[in-house]
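> I have a structure I would like to understand better, so I am pasting it below and will then ask my questions one at a time.
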Amino acid sequence: MINQGECPKCGNRLLHVRIESIFGQNNGSGEVRCLSLSCIHCNIVLGVQMDPRSRARPRRKEAEEGRTVV
Ligand SMILES: [Zn+2]
């Protein structure tokens, strides 16, 4: 596999990214766990995404399912 992605700031090949756990502010109605992906060379933030491991506040449907399971 050949990595061809380059950091847009420092131009290094992007072989690694630094992943940091951050919080996204949801319009003042709470915080959502997010992950920021940054260049290990110059620390520029390349992207931010929702943390797939985080569990959002359970929706009504999921809460009902949880109740019936237990
Ligand atoms: Zn960089």
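What follows is calculated from the coordinates using simple rules that are stated; it is not laboratory data. Because the structure is a prediction, the values reported are computed rather than measured. Virtual Cβ from ideal backbone geometry, glycine too; neighbours counted across all protein chains shown.
> Can you put HIS16, HIS41 in order of Cβ neighbours within 10 angstrom, beginning with the fewest? Each step should come with its number before you reach the end.
Details: HIS16 11, HIS41 16.
Going from sparsest to densest Cβ surroundings: HIS16, HIS41.
> Return ILE2, ILE22 ranked ascending by Cβ neighbour count within 10 Å, so the fewest neighbours appear first.
Lowest to highest Cβ neighbour count: ILE2, ILE22.
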